[in-house]
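Right, one structure below, let's go through it.
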Amino acid sequence: MLNLLKRLWLVMKSPSSAAMGFILILGFTGGIIFWGGFNMGMEATNSEEFCAGCHAPIVKEIKETIHYSNRSGVRAICSDCHVPHNWTDKIVRKVQASKELVAFAMGTISTQEKFEERRGYLANREWHRMKENDSQECRNCHEFDFMDFSEQGARSVKQHSTALASGEKTCVDCHKGIAHQLPNMEGIEGW
Amino acid sequence: MKKLLTAIIAAGIVALTASPVWSDGSDELVSNTGGVSSLRGLVEISDINKSEPMKRVPRDQQPIDRNYVQQPPLVPHTTRGYQVNLNANKCLSCHSFKNAGDMGATKISVTHFEARDGTTLSDVSPRRYFCLQCHVTQADAKPLVGNTFQPVDSLR
């Protein structure tokens, strides 16, 4: 065994051009496989079926909302609103999401009742997160700069041209429960 | 014996199914509408007629005048996706006394704080909580039947 290692070391130490090429190819293909696999994993964990595994009640509710079915046929799926597009933020969120695995093992939302109980807490965290990043996920699709006020309803224009335009408020301050049933809203600002 | 019994039963079944003993076909009902055309049109009760296209609710319109005293005002905007349930009341997030000022919305009437026995509560009475029971969105639609109703002078 030791001999074999020594021999290998010798080969490695004195690189012939063939060995060099071999190593390069190995590194290259390895890199591709790793990168591809990594991105595939990132993609797979973005799909709705993946989320449905643990969030079945939510996936059921969303079917009645505007982001599931609308006149233009454009959909927002879970990851559009819950996973940042920016690469570093995305990695950070995915690592944070590993915590969900622990919560899953503990069964914090394993039944409908437990979920209802914890929903207020989870929703609050999500609102807080979106408040912090100025509703970045919403803005990936809905850009304020391109909103045509002449096409919007009077109520929309009234709020968008004031509180939203001035930056005083962000999307989730006003649009709570846009994609889900709301938790108990007692004591939440504006309700 | 057994064979005979089977034969009789088989014969009975054939006789019963093959000949319509009770209907002689002479006084068959031709129409069950009595020739009367209703809002459905002149369609047999048993027939399924073509459904009307869904009426659209304009996103926002001017408040709609009331036609009689005590009429719950109509909702002059869409309410799609607005949640009104045990947990949340989207209507009150604009129309409550607390929020109406900020949102530029009409306040709910003080009568909505009154309980059944006439006592005034500190918040919306449960019997008034489900807004859409009385207030409905006004679709962009022509009246289905003519109507000569005139509001009283004070509402005109």
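Just so you know, all these numbers are worked out from the coordinates, no wet-lab data involved. From a predicted model like this one, the values you see are computed outputs, not experimental measurements. Because the Cβ atoms are built from the backbone with ideal geometry, glycine has one as well, and the counts that use them run over all protein chains shown.
Modelled label positions at B:R156 and A:E143, each set 7 Å beyond Cα in the direction of Cβ, lie 5.5 nm from each other. In this structure, the residue pairs whose Cα-Cα separation is over 30 Å, taken from A:K99/A:K131; A:K99/B:K90; A:K94/A:K114; A:K63/A:K169, are A:K99/B:K90. The label point for A:A97 and the one for B:Y129, both projected 7 Å from the Cα toward the Cβ, are 3.6 nm apart. Here region A:149-191 is scanned for amide nitrogen atoms under 16 Å from the site 7 Å beyond the Cα of A:H128 along Cα-to-Cβ, giving A:173, A:188-189.
For A:K90, give me every one of the aspartates and glutamates with a C-alpha distance below 12 angstrom, ignoring sequence neighbours fewer than eight places off in its own chain. Hits, sequence-local ones excluded: A:E43, A:D80, A:E137. Here the calculated FRET efficiency for B:N85 and B:S31, from their Cβ-Cβ distance with R0 = 41 Å, stands at 0.35, rounded to the nearest 0.05. Take the Cα of A:K114, step 7 Å toward its Cβ, do the same at B:V43, and the gap between the two points is 5.0 nm. Its alpha carbons give region A:27-174 an Rg and a Dmax of 18.2, 60 Å. The Rg/Rh ratio for region B:73-140 is 0.96, where Rg is the radius of gyration of the alpha carbons and Rh is the Kirkwood radius. Taking 0.36 nm per residue of sequence separation and removing the Cα-Cα distance, the A:E64/A:D80 pair yields an extension gain of 4.0 nm. Each Cα pair under 8 Å and six or more residues apart adds its sequence gap; the mean of these over the residue count of region A:27-174 is a relative contact order of 17 percent.
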